[in-house]
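The values are calculated or read from the model by the stated rules, or taken from the named source; none is laboratory data. Since the model is a prediction, treat every value here as computed from it, not as a measurement. When we count neighbours, we look across all protein chains shown, and the Cβ atoms used for this are built from the backbone with ideal geometry, even at glycine. Remember, those area values only see protein heavy atoms, side chains included, never the ligands or the DNA or RNA. Shrake-Rupley method; radii C 1.70, N 1.55, O 1.52, S 1.80 Å.
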Amino acid sequence: MSRDLLRQDDVRSLVRDAYRATPPTEGAVAARLYADAELAGVPAIAREHALGVANHLRYADIRPGDVVLDLGCGAGIDSVLAALRTGPSGRVLALDFLPEMLELTQRAAEEAGLANVETVEAEMEAIPLADDGVDVVISNGSLNLSPRKARVLAECARVLRPGGRVWFADLTVRDEDLPPEILTHPATWAG
Ligand SMILES: C[S@@+](CC[C@H](N)C(=O)[O-])C[C@H]1O[C@@H](n2cnc3c(N)ncnc32)[C@H](O)[C@@H]1O
């Protein structure tokens with residue numbers, strides 16, 4: 001949003017509070033976005049807590065051996081799907097700022113029998129990874145939650161190897177379409 005109406009700290013804490021309190025979607029989001037065949041290898045815990053906005057992985061170029069970074073991984077549905085595609089020679093770094101989400105991702109990876117998913121507790125605005133070590137960045141419904149989107153993109157550029165790939169799915173809104181009282185409502189940011 002180009003109109004700077006909210007304090008960054010307030011946005012960060014309202015997003016944390018919202019996602020900590022989000023109840024399971026009971027598989028409704030997963031069933032809408034992913035085909036049954038795609039979900040076959042995904043444990044119920046990840047399907048039941050899916051909160052994405054699209055199925056960008058269907059189009060993503062993820063190759064065996066890739067290092068994939070999933071920004072705002074939530075309960076890990078895309079991390080699991082990506083890890084199945086990288087195979088054991090690759091790995092997925094599943095990043096989220098909520099330990100509650102990372103615990104779900106960890107459990108999902110274990111239940112899927114995947115040893116190549118590593119959870120990373122961090123903010124996507126300050127990714128604790130070295131430069132040039134990632135082949136693919138994916139993110140589903142998370143970039144839009146950041147009050148510092150340009151900072152997140154700069155971090156992606158830093159951690160990606162030259163020639164790295166990015167697959168984001170997100171919602172956009174033109175801020176001139178909405179009045180300030182809507183733009184500053186916590187539900188607008190979190191939702
Ligand atoms: C809409 S959910 C999407 C979760 C997952 N990608 C999916 O498709 O189910 C957004 C996730 O991003 C995380 N998140 C939001 N802002 C973040 C930030 N600044 N840094 C790290 N994680 C963040 C939230 O904790 C939440 O798990």
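Got a number for residues in segment 102-133 being more than 27 Å from A40 (Cβ to Cβ), touching a residue at least 12 places away in the same chain (Cβ under 8 Å) and within 16 Å of the ligand (Cβ to nearest atom)? It would help to see each step written out before you state the result.
Initial filter on segment 102-133 (more than 27 Å from A40 (Cβ to Cβ)): 121-133.
Applying the additional criterion that residues be touching a residue at least 12 places away in the same chain (Cβ under 8 Å) yields 121-127, 129-133.
Those still in the list that are within 16 Å of the ligand (Cβ to nearest atom) too: 121-127, 129.
The qualifying residues number 8.
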> In segment 134-165, how many are touching a Lys or Arg at 6+ places or on another chain (Cβ under 7 Å) and over 16 Å from W189 (Cβ atoms)?
Replying inline: 3
>> I'm told R20 meets every condition in (1) more than 9 Å from the ligand (Cβ to nearest atom); (2) loosely packed, with under 13 Cβ neighbours inside 10 Å except one. Can you identify the failing condition by its number?
In response: (1)
> Which residue pairs have Cβ atoms under 9 Å apart, sit 6 or more places apart or on different chains, and have a first residue in segment 169-189 that is open to solvent by less than 70 Å² (accessible area, probe 1.4 Å) and a second that is modelled with pLDDT under 80 and among the acidic types (D, E)?
Replying inline: L183/D175
>> Condition first: over 14 Å from the mean Cα position of the chain (by Cα) and open to solvent by less than 50 Å² (accessible area, probe 1.4 Å). Now tell me which residues in segment 118-135 satisfy that.
In response: L129, G133, V134, D135
> Does any residue of segment 160-181 turn out to be part of a helix (DSSP H, G or I) and in contact with a strand residue (DSSP E or B) (Cβ under 7 Å, 6 or more places away or on another chain)?
Replying inline: no
> Among D78, D96, which is touching a helix residue (DSSP H, G or I) at 6+ places or on another chain (Cβ under 7 Å), closer than 20 Å to E26 by Cα and surrounded by 19 or more Cβ atoms within 10 Å (Cβ to Cβ)?
Replying inline: D78
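Here's the yes/no breakdown for (1) under 21 Å from W167 (Cβ atoms); (2) out of contact with any His (no Cβ under 9 Å at 6 or more places or on another chain):
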{"residue": "V15", "(1), (2)": "no, yes"}
{"residue": "P24", "(1), (2)": "no, no"}
{"residue": "I45", "(1), (2)": "no, yes"}
{"residue": "D66", "(1), (2)": "yes, yes"}
{"residue": "G76", "(1), (2)": "yes, no"}
> Considering segment 148-159 alone, what residues qualify as being more than 11 Å from M124 (Cα to Cα) and not in a helix (DSSP H, G or I)?
Replying inline: none
>> I need a count of the residues in segment 55-94 that are within 11 Å of the ligand (Cβ to nearest atom) and closer than 18 Å to V152 by Cβ.
In response: 9
> Which of the residues belonging to segment 133-182 are at pLDDT below 95 and out of contact with any helix residue (DSSP H, G or I) (no Cβ under 9 Å at 6 or more places or on another chain)?
Replying inline: R174, E176, D177, P179, P180, E181
>> Being open to solvent by 70 Å² or more (accessible area, probe 1.4 Å) and closer than 22 Å to A83 by Cβ is the filter here; which residues of segment 136-162 pass it?
In response: R161
> helices (runs of 4 or more DSSP H) wholly in segment 1-101 with at least 2 residues that are free of Cβ contacts under 8 Å to residues at least 24 places away in the same chain - which ones?
Replying inline: 8-20, 28-33, 36-39
